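Only one structure is covered here, and it is reproduced in the block below.
The values are calculated or read from the model by the stated rules, or taken from the named source; none is laboratory data. Just so you know, these numbers come straight off a predicted model, no measurement behind them. Ideal geometry is used to build each Cβ from the backbone, glycine not excepted, and the neighbour counts take in all protein chains shown. Heads up: the accessible areas ignore ligands, DNA and RNA and are worked out on the full protein's heavy atoms, side chains in. Shrake-Rupley method; radii C 1.70, N 1.55, O 1.52, S 1.80 Å.
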Amino acid sequence: MNKLFALEIELIRKRFHIYGLFNIASLILVISLLLIGIKWLLAVIGNFERLAPLISVILLLLGQCDVALSEDKMLINLTRLRGFFPNLFTQSSRIYYSYRHFIVSIILIFFLLLPMEPNGYALYFYFYFSILLMITFLTTFAKNYMKKGLSDIIQNCSKIVFCLLIAMSMRGMLQIDLSKILVQINEFYSLIIVLLLLVLNIIVLYPKKKR
């Protein structure tokens, strides 16, 4: 899998003509400044209680919870590799492509949702992180173990329901005070739930062996 990662980095370098230490360092610096700038902007705009649901909805609509590759896309990726490493057309290649998007999505979700003051908003972070992980699990399970039509329905319904609940909550249409509910939840149990959902996602994402 290290070879696959190195190959993709090399392809990206060739595609965008990124050569030399200076160009690589400049790209890393620009990406870092962009991410830090986004995080700083989120901290300046408003409090985390109102930003967390909006960030969650944006991440959901951007497809960060839809991490499972269809078999067609998987075959396209694997076929592309045959021109470079014919011997990598194996189960290890499937594992790499199955988890690649998931790892990137988790890092992005964690970075954007993590509050600047974790002591005051840790439970909000765990709450929305858990919801996104649950949606990821449902969509992945549906895509890997159900027919396409049914999996599409589950994926779309989960997005619609979550977005509607967030919109209704922000407009005061739901008679639920989330802050009072979260105060009663133990941070340790919230962390356990997040870790459990991560493990479930890892399990359900593991590709089936092809004969």
*First in the range 149-165 and of a type in the set (D, E), second anywhere and crowded, with 16+ Cβ neighbours inside 10 Å, Cβ under 9 Å, 6 or more apart*: D152/A142; D152/K143
*asked:* I'd like to know if the range 164-182 contains one or more residues that are under 17 Å from the mean Cα position of the chain (by Cα) and either modelled with pLDDT of 85 or more or among the aromatic types (F, W, Y) (or both).
replied: no
*How many residues, within the range 97-141, are crowded, with 18+ Cβ neighbours inside 10 Å and not in a helix (DSSP H, G or I)?*
1
*Mind checking which residues of the range 33-53 are part of a helix (DSSP H, G or I) and either in contact (Cβ under 8 Å) with a residue 12 or more places away in the chain or open to solvent by less than 50 Å² (accessible area, probe 1.4 Å) (or both)?*
L35, G37, I38, K39, L42, A43, F48, E49, R50, L51, A52, P53
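Step by step: first the residues of the range 85-96, then only those that are touching a helix residue (DSSP H, G or I) at 6+ places or on another chain (Cβ under 6 Å) and at pLDDT below 75, then the one that is most open to solvent (accessible area, probe 1.4 Å). Which residue is that?
F89
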*Residue within the range 97-109 that is in contact (Cβ under 8 Å) with a residue 60 or more places away in the chain and either of a type in the set (A, V, I, L, M, F, W, C) or at positive phi (or both) present*: yes
_Members of the range 54-66 found to be assigned to a helix (DSSP H, G or I) and among the hydrophobic types (A, V, I, L, M, F, W, C), listed by number_ = L54, I55, V57, I58, L59, L60, L61
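For V30, indicate whether it is part of a helix (DSSP H, G or I), under 29 Å from Y97 (Cβ atoms) and modelled with pLDDT of 80 or more. Full working, then the answer.
Details: part of a helix (DSSP H, G or I): yes; under 29 Å from Y97 (Cβ atoms): yes; modelled with pLDDT of 80 or more: yes.
So V30 fits the description; yes.
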*Name, by its number, the condition in (1) at pLDDT below 85; (2) loosely packed, with under 15 Cβ neighbours inside 10 Å; (3) not in a helix (DSSP H, G or I) that does not hold for L69.*
(2)
